[in-house]
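Here's the structure we're looking at; comments come further down.
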Amino acid sequence: MNKLNNTSNPDTEKTRGNSFSRWTLILLPLVLLGLLIVIILFFGPGQGLRTNFPPVEDLVIQRIELHREDFAQNTSREMILHVLNNGPSKTTISQVMVDEAYWPFTITPKQSLGHLERARIHMLYPWVEGEAHEITLITSTGATFSKGVDVAVSSPTPSWSYLGIFSLLGVYVGIIPVFLGLLWFPALRNIRTRTMHILLSFTVGLLAFLALDAIAEGLEIALRLPESLEGIAVLVAGFAGSFLFLSAVSRRTRERAETEQEEFADKVRQANTGPQVIIAYTIALGIGLHNLGEGLAIGSAYALGNIALGSMLVIGFALHNTTEGLAIISPVARKQVRVTHLIWMGLLAGVPTILGAWIGGFTYSAFWAVLFLSIGAGAIVQVVHTIFTQMTVDTDRLLTVRNTFGLGAGFAVMYLTGLLVAV
Amino acid sequence: MIPLNKFMPTKTTSGRHSRRNFLLAGMFSVLGALWVGLQKLFGRNQAMQYGPDSLSATAGGSADAFPHSPHVFGTVGDIHTDDFDPTDFLSAWNFNDLPPEERSDYYQETSRADGSTLREYTFIAVDKEIEIAPGVYFPAWTYNGQVPGPTIRATEGDHLRIRFLNQGSHPHTIHFHGWHHPAVDGAFPDQFVHPGEEFVYEFDAEPTGVHLYHCHSTPLKRHIHKGLYGAYIVDPVEPRSEARELVMVMNGFDTNFDADNEVYAVNTVAFHYMNHPIRVRTGKPVRIYVINVTEFDPINSLHIHAVFFDVYRTGTRTTSHEYTDTVMMCQAERAIIECTFRYPGRYMFHAHQSEFAELGWMGVIEATDAPV
């Protein structure tokens with residue numbers, strides 16, 4: 001910028017002249033593109049491109065809410081459908097069928113939906129608890145779009161009691177197990193490098209499982225998303241974004257710490273945040289995002305009536321997630337870490353479960369589920385990378401028999417505890 | 001040349017969407033979702049919205065009474081009856097629903113020496129989008145722009161001459177159920193009337209009864225379920241007793257072409273006679289000409305509540321086959337039903353296949369003491 005302002009320099013003068021023509025060259029294609037758009041819009045792409053075929057319609061019923069209200073005399077039962085126009089053309093929802101019967105409805109904000117516009121359909125329908133229903137929308141052209149309710153149960157509505165249930169769920173599944181895992185911290189003091197590496201490999205095994213789990217789950221949901229929302233692209237973007245962002249941040253922090261800048265080094269010392277502590281935080285963050293996805297899954301499964309929250313499930317999650325606490329502390333096992341740090345890490349890893357359960361329970365959105373899961377997976381993979389890098393600082397023998405065994409054991413523990421919690 | 005504007009298919013254009021709209025819509029839906037989320041989180045009760053663009057229930061109840069109103073069924077809204085009114089169709093035959101000057105374009109009758117009548121019809125096949133439920137349009141193939149096609153009614157022994165012009169996009173025919181020479185059967189490929197061509201079907205009206213006509217081009221299923229059928233009534237020389245006469249064609253529409261009907265009805269429009277009851281007079285005989293042309297389902301049926309009726313199958317004999325309140329028919333089976341409504345009030349009638357009933361084949365006959 002300084003250069004440009006300095007007009008006395010003949011060299012710059014020349015650059016300016018060049019930059020003017022360069023700007024013209026940069027802008028020219030854009031101007032022509034604009035012109036092309038104007039021509040297409042106003043003069044049409046020619047008769048050859050036009051067709052008289054009926055427009056391709058694609059409506060998606062994204063969510064079905066079921067509600068019941070009891071009065072002294074009767075019970076009012078409602079169905080609320082959330083509809084998205086996933087197709088390219090304007091589509092009009094003309095009638096609604098439930099279980100092959102036309103049924104009156106009201107629709108807001110409007111009947112005719114443009115590309116990616118949404119509508120909410122409200123119906124008084126006597127749905128039957130525990131049984132299946134199928135809802136079909138019929139458009140003005142007669143095209144039909146259906147979605148089923150496998151097991152009809154009342155959808156949770158935001159209320160203190162449901163907020164309480166989901167919070168408790170989050171505490172059981174997320175916070176308590178993670179903190180239980182953190183309690184291993186004192187026991188891991190003063191262990192030998194070799195043992196330390198087995199432990200870190202074990203952690204990598206745990207994390208690898210979590211990353212795979214998150215990617216698989218994210219992929220499954222991404223494939224169910226309406227095509228126009230590009231589920232796979234969201235998944236890749238979330239994964240790559242979090243991986244690259246965390247890599248950049250940790251590199252920058254490490255470099256600053258390594259260059260021994262007085263002030264920063266002091267700050268790091270004061271805050272007790274060595275590179276390992278940062279890794280631990282990153283692990284906590286990655287696990288937190290993974291648990292957010294887990295919370296989403298549990299909350300929505302509960303809301304959709306897909307799981308009965310038996311004690312077995314809670315025990316399963318507790319076992320599963322206790323190992324997550326272990327994963328957080330292993331990089332800092334031999335360091336001095338303030339208790340407050342451990343608490344923050346535990347919260348960072350555990351609290352998102354509650355958030356996820358809330359979101360999943362009340363307004364489940366497959367889109368956000370994919371994004372959170374992919375961000376979590378990216379963070380975890382970045383952590384795995386960091387742990388390996390860290391291990392190579394101590395030794396060049398990474399994949400020893402012991403380490404491989406530790407890695408496999410970590411994966412196996414996750415797999416086995418995961419068997420208990422198939423949502 | 002016959003004016004055809006009446007039968008021309010309505011043009012539809014799809015809306016244009018711009019990238020800006022797309023971005024705005026995306027932005028607003030995100031903001032909207034956030035706002036709804038916030039409202040939900042803070043437990044604000046959302047009142048039901050009834051915006052200017054929103055629909056309200058009309059069939060059998062009102063959604064305004066929410067949440068205390070009973071659970072009602074049926075479609076929402078009403079159809080446009082400018083082109084085709086199912087209520088008029090009930091008692092329209094030989095184009096008697098058209099003003100005289102227009103009627104003569106399609107129907108002419110000439111007395112013959114033997115006392116019978118020469119009846120000349122003009123039938124035109126056209127492709128047309130028809131409204132089969134409020135807001136639901138079906139790309140039909142029609143006779144004269146309507147489904148069912150115009151009802152033909154003659155007396156036994158009359159001579160019928162039907163000039164058929166095919167202005168549709170596929171080969172069509174008119175195949176009559178009734179006595180005729182096989183050369184005018186309209187069933188074999190060499191009898192197909194190709195687009196732009198015409199053909200004259202000529203035969204004597206017999207036997208007495210309620211019959212039907214339909215297209216017999218191939219593929220047969222499609223040519224029938226797309227709408228090419230209608231009623232053909234042959235009255236006995238000795239006229240039937242005085243009665244309020246109604247024509248009911250039981251049909252169905254496969255709107256998404258999955259070989260299964262999305263809409264069932266009598267006379268095409270789902271639930272039309274629920275919203276517009278058929279008015280009859282108490283104590284006076286009612287005669288219904290019922291014809292089943294429903295495609296894809298093996299049978300259809302008619303049940304009238306709170307009465308019993310006489311069934312004259314195919315209407316060819318003067319003795320009642322059955323005294324019942326439910327009659328079952330396969331495709332192309334038909335019957336004359338005669339009954340009298342004793343009490344004033346609303347009598348429901350529908351297919352006694354509950355599925356068909358709830359998909360539109362249900363109506364109301366309203367009997368009153370006053371003349372109708």
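Some values worked out for this structure:
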{"read-out": "Count of residues meeting criterion [among the aliphatic types (A, V, I, L, M) and more than 17 Å from A:ILE215 (Cα to Cα)] in segment A:341-382", "value": "11"}
{"read-out": "Residues that are aliphatic (A, V, I, L, M) and outside any loop (DSSP other than H, G, I, E, B), drawn from segment B:147-192", "value": "B:ILE152, B:ALA154, B:LEU160, B:ILE162, B:LEU165, B:ALA183, B:VAL184"}
{"read-out": "Positions within segment A:145-179 being among the aliphatic types (A, V, I, L, M), surrounded by fewer than 18 Cβ atoms within 10 Å (Cβ to Cβ) and part of a helix (DSSP H, G or I), in sequence order", "value": "A:ILE165, A:LEU168, A:VAL171"}
{"read-out": "Tally of residues being among the polar types (S, T, N, Q), under 10 Å from the mean Cα position of the chain (by Cα) and part of a loop (DSSP other than H, G, I, E, B) across segment B:236-278", "value": "2"}
{"read-out": "Members of segment A:96-109 that are of a type outside the set (Val, Ile, Thr), within 35 Å of the chain's Cα centre (by Cα) and at the interface with chain B (Cβ under 7 Å from one of its Cβ atoms)", "value": "A:PHE105, A:PRO109"}
{"read-out": "Complete set of residues in segment B:168-183 that are under 14 Å from B:CYS215 (Cβ atoms) and more than 21 Å from the chain's Cα centre (by Cα)", "value": "B:SER169, B:HIS170, B:PRO171"}
{"read-out": "Qualifying positions in segment A:214-237 - among the small types (Gly, Ala, Ser), within 23 Å of A:LEU84 (Cα to Cα) and in contact with a helix residue (DSSP H, G or I) (Cβ under 7 Å, 6 or more places away or on another chain)", "value": "A:GLY218, A:ALA222, A:GLY231"}
{"read-out": "Scan of segment A:98-114 for residues that are buried (at least 20 other Cβ atoms within 10 Å of the Cβ) and not hydroxyl-bearing (Ser, Thr, Tyr), ordered by number", "value": "A:VAL98, A:TRP103, A:PRO104, A:PHE105, A:ILE107, A:GLN111, A:LEU113"}
{"read-out": "Residue among B:GLN167, B:GLN146, B:GLN108 that alone is touching a strand residue (DSSP E or B) at 6+ places or on another chain (Cβ under 8 Å), among the polar types (S, T, N, Q), modelled with pLDDT of 95 or more and within 23 Å of B:THR81 (Cβ to Cβ)", "value": "B:GLN146"}
{"read-out": "Candidates A:ARG194, A:ARG120, A:ARG189 - the one that is touching a residue at least 12 places away in the same chain (Cβ under 8 Å), among the charged types (D, E, K, R) and under 19 Å from A:GLY361 (Cβ atoms)", "value": "A:ARG120"}
{"read-out": "Residue count, segment B:239-257 (criterion: within 14 Å of chain A (Cβ to nearest Cβ), of a type in the set (A, V, I, L, M, F, W, C) and crowded, with 19+ Cβ neighbours inside 10 Å)", "value": "1"}
{"read-out": "Residue tally, condition closer than 24 Å to A:ASP70 by Cα, assigned to a strand (DSSP E or B) and at the interface with chain B (Cβ under 7 Å from one of its Cβ atoms), over segment A:110-129", "value": "2"}
{"read-out": "Residue list for segment B:207-219, restricted to those being in contact with an Asp or Glu (Cβ under 9 Å, 6 or more places away or on another chain) and either free of Cβ contacts under 8 Å to residues at least 24 places away in the same chain or over 16 Å from B:ILE336 (Cα atoms) (or both)", "value": "B:HIS216"}
{"read-out": "Some residue of segment B:203-217 being over 30 Å from B:GLU262 (Cβ atoms), assigned to a strand (DSSP E or B) and more than 24 Å from the chain's Cα centre (by Cα)", "value": "yes"}
{"read-out": "Residue satisfying all of: in segment B:302-327; charged (D, E, K, R) and assigned to a loop (DSSP other than H, G, I, E, B); modelled with the highest pLDDT among these", "value": "B:ASP325"}
{"read-out": "Selection count where residues are touching a residue at least 40 places away in the same chain (Cβ under 8 Å) and in a strand (DSSP E or B), scope segment B:328-343", "value": "8"}
{"read-out": "Candidates B:PHE296, B:PHE356, filtered to the one that is touching a Gly at 6+ places or on another chain (Cβ under 9 Å) and surrounded by fewer than 17 Cβ atoms within 10 Å (Cβ to Cβ)", "value": "B:PHE296"}
{"read-out": "Any hit, segment A:130-144, residues being crowded, with 18+ Cβ neighbours inside 10 Å, over 31 Å from the mean Cα position of the chain (by Cα), more than 7 Å from chain B (Cβ to nearest Cβ) and not β-branched (Val, Ile, Thr)", "value": "no"}
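Yes or no, residue by residue, for (1) at pLDDT below 75; (2) surrounded by 14 or more Cβ atoms within 10 Å (Cβ to Cβ); (3) among the basic types (Lys, Arg):
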position	(1), (2), (3)
A:LEU210	no, yes, no
A:ILE221	no, yes, no
A:SER228	no, yes, no
A:GLY241	no, yes, no
A:ARG254	yes, yes, yes
A:GLN261	yes, no, no
A:ALA265	yes, yes, no
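The values are calculated or read from the model by the stated rules, or taken from the named source; none is laboratory data. If you're wondering where the values come from, they're calculated on a predicted model, not measured in any experiment. Every residue, glycine among them, receives a Cβ derived from its backbone with ideal geometry; neighbour counts consider all protein chains shown.
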